[in-house]
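Asker: Let me begin by handing over the structure; questions about it come next.
Every read-out reported here was derived from the displayed coordinates using simple, explicitly stated rules and does not represent laboratory data. It should be emphasised that the depicted structure is a prediction, and the values quoted were computed from it without experimental measurement. With ideal geometry, Cβ positions are generated from the backbone for all residues, glycine too; neighbour counts draw on all protein chains shown.
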Amino acid sequence: MDTITIIATVVLVGGIALGIAMGLPVAVAMGLPSVLAIVILLDWEGAALTGAQRIFAASNSFALLAIPFFILAGGLMNTGGIASRLIDLALVIAGRLPASLAQTTVVANAMFGAVSGASVASAAAVGTVLSPRMRKDGYDPAFSAAVNAAASPAGMLIPPSNTFIVYSLVSSTSIAALFMAGVGPGLLWALVCVIMVALYARKHPELRAASGPRPTIRQGMIVFLKAVPALLMIVVVIGGILLGVFTATESAVIAVLYSFVLGLVQRTLKISALPKIILEASKVTGIIMLLIGVSGILGYVLAFAQIPQMVTSGLLGLTDNVVIILLIIMVVLLLAGTVMDPTPAILIFTPIFLPVVTALGVNPIHFGAMMVFNMCLGNISPPIGNNLFVAARVADVRIEPVIGRLWPFFWALCIGLLVVTFVPALSTWLPTTLGLMKP
């Protein structure tokens, strides 16, 4: 590596680290050092031309259209009353479990995440409905917020998932295969939360009894029938992708149309609310697309400086033990997840670590599941964890006691991460069985 390339690499890596440490917006922390590095590697004219081309190339993807439409679909569902119907169904399902309202929070987050694919929206919707009820029933408000924060990232794993779409873009892997690879880890995430709530209930006998009277079969059927239209969207969207009827991007458009029509038919969605919903979806989309655009420059600099090859050589020179290397990568991603959102973390680290794991025989689909599970942990860990702050806000409690209640969930989910990492079948069995990836 020549001197110019070394200087560009130091500017890139050091600039991103410094920008994040200073609290700059992630797009700026990624983009500015990438631009400076490409100017060092090329002349000003070449840097301007190449930078513009990289931004356009990174953003010019049909698959990326799925992201704004899934975000819009989630907004329509949240405003259109779909969340409340799913929460009612979750209460029927989990109503007999220890600490039933807390268990309902877990089940409701998994179901709403499966419909919308938005973990932050899930935490907001479920917490708004269930936190007051849990407070009234004697639950510690900090524990209620911790359960909601811990359970909500399941929506990033259970399809559809915008995070998997971003990983698919960077890794050139099948979106359908990634969606199916997230089912096992997503269910494992929810199961870990259910177990942790049950263990908490053992130490708090007053929470062991179910809240409220047991619903009759007739009442349960009524609740289920009200939730069927929302659940059918999962069948339509995911089933259509698996059967090859439409692509993931087209399924996102169908999700928007389905949510819109359902909200109008059920009279839970007001036309007057549409401008606000579209504006919020546009803001989130703009942030994501800016990140993806600047990641194009970042990817070019990484490739030009051969940083992924250096990382691969360094790690493989350190050891060829796949277990040790995967543990090192998972620790790095865990640390990165505490200060970065999932999208920029995936955009930065996938080009660096994917060549390493593929050289060791790890399937890219399996690595995607590992990486997204890891990023989910970042979403609930301080100081950046969005789900943590949203859950605390909707429960109207300070963040400090919530963090204290959250740690047992976090460490249990870290064990879950080890299971996802070292039991590949959990992620690969379903997409392999469905013929979406080779054995």
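Asker: Quickly estimate the mean residue ellipticity at 222 nm for the chain, helices only: each DSSP H run with n ≥ 4 gives -39500 (n - 2.57), and the total goes over all residues, rounded to 500.
Answerer: On the way: 22 runs with 346 residues, N = 439.
Dividing the helical sum by the residues of the chain leaves -26000 deg cm²/dmol.
Asker: In addition: Work through the residues other than Arg393 whose Cβ is under 15 Å from its Cβ and net out their charges, Lys, Arg +1 and Asp, Glu -1.
Answerer: Working: positive: Arg135, Arg398; negative: Asp396, Glu400.
The answer is 0.
Asker: What net charge is computed for the residues neighbouring Asn148, neighbours being all others with C-beta under 13 Å from the C-beta of Asn148, Lys and Arg scored +1, Asp and Glu -1? Please list the in-between numbers first.
Answerer: Numbers: positive: Arg133, Arg135, Arg393, Arg405; negative: Asp140, Asp396.
Residues close to Asn148 contribute a combined charge of +2.
Asker: Based on the Cβ-Cβ distance of Leu24 and Phe224, what FRET efficiency does E = 1/(1 + (r/R0)^6) give at R0 = 51 Å, to the nearest 0.05?
Answerer: On the way: r = 48 Å, r/R0 = 0.94.
Using R0 = 51 Å, I get an efficiency of 0.60.
Asker: With springs only between Cα atoms under 10 Å apart, run a GNM on the chain and tell me which of Ala73, Ala52, Ala90 wobbles the most.
Answerer: Of the options given, Ala52 has the highest mean-square fluctuation.
Asker: Report the gain in length on full extension from Val39 to Thr433: 0.36 nm times residue separation, minus Cα-Cα distance, nm rounded to one decimal. Intermediate values should be presented prior to the final figure.
Answerer: Values: separation 394, 0.36 × 394 = 141.84 nm, distance 4.77 nm.
Extra length available between Val39 and Thr433 comes to 137.1 nm.
Asker: Give me log10 I(q)/I(0) at q = 0.11, 0.12 Å⁻¹ for the stretch 3-433, Debye formula, one equal scatterer per alpha-carbon, no solvent.
Answerer: Results for the stretch 3-433 at q = 0.11, 0.12 Å⁻¹ read -0.84, -0.99.
Asker: Hey, what did the stretch 3-433 get for relative contact order, percent, Cα under 8 Å, at least 6 apart? If you can, show how the numbers build up before the last one.
Answerer: Details: 684 pairs, mean separation 108.3, N = 431.
Relative contact order for the stretch 3-433 comes out at 25 percent.
Asker: Taking the Cα centre of the stretch 3-433 as origin, work out the dipole magnitude from +1 charges on Lys and Arg Cβ and -1 charges on Asp and Glu Cβ, in debye rounded to 20.
Answerer: 1520 debye
Asker: How many nm is it between the label spots at Ala198 and Phe56, if each spot is 7 Å from the Cα in line with the beta carbon?
Answerer: If labels sit at Ala198 and Phe56, their model points lie 5.7 nm apart.
Asker: For Ile287, put the label point 7 Å out on the Cα→Cβ axis and report which residues of the stretch 32-53 keep their amide N under 15 Å from it.
Answerer: Counting only backbone N, you get no residues.
Asker: Nearest 10 degrees is fine. How inclined is helix 141-151 to the longest principal axis of the chain, computing both from alpha carbons?
Answerer: 60 degrees
Asker: When the chain is modelled as a GNM with alpha-carbon springs shorter than 10 Å, which of Leu86, Leu49, Leu32 fluctuates the most?
Answerer: Leu49
Asker: Something else: For Ile4 and Val322 in the same chain, what is the full-extension length gain: residue separation times 0.36 nm, less their Cα-Cα distance, in nm? All intermediate terms of the calculation are to be shown ahead of the outcome.
Answerer: On the way: separation 318, 0.36 × 318 = 114.48 nm, distance 3.33 nm.
This chain segment gains 111.2 nm when fully extended.
Asker: Would you work out which of Leu327, Gly299, Thr105 lies farthest towards the positive end of the dipole of the stretch 3-433? Charges go on Cβ: Lys and Arg +1, Asp and Glu -1.
Answerer: My answer, from the dipole projection, is Thr105.
Asker: Springs between alpha-carbon atoms under 10 Å, Gaussian network over the chain: tell me which of Pro205, Pro159, Pro68 tops the mean-square fluctuations.
Answerer: Comparing Pro205, Pro159, Pro68 in the GNM, the peak value goes to Pro205.
Asker: Any idea which of Ile6, Ile278, Met371 is furthest toward the positive side of the dipole for the chain, if Lys and Arg beta-carbons carry +1 and Asp and Glu beta-carbons -1?
Answerer: Ile278
Asker: Still on this structure, I have one more. State the Cα centre-to-centre distance between the stretch 343-399 and the stretch 28-105 in whole Å.
Answerer: Each part's Cα centre sits 12 Å from the other's.
Asker: If I fit a long axis through the Cα atoms of helix 183-203 and take the longest principal axis of the Cα atoms of the chain, what angle between them do I get, 0 to 90°, rounded to 10?
Answerer: Computed tilt is about 50 degrees.
Asker: Right, here's the next one. With loop defined by DSSP as not H, G, I, E or B, and exposure as at most 15 other Cβ atoms within 10 Å, which is the longest segment of the chain clear of exposed trypsin sites (Lys or Arg not before Pro)? Walk me through the intermediate numbers first.
Answerer: Numbers: sites that count: Arg96, Arg208, Arg267, Lys270, Arg398.
Free of exposed loop sites, the longest segment is 271-397.
Asker: What distance in nm separates the simple spin-label points at Val13 and Leu49, each placed 7 Å from Cα in the Cβ direction?
Answerer: 3.1 nm
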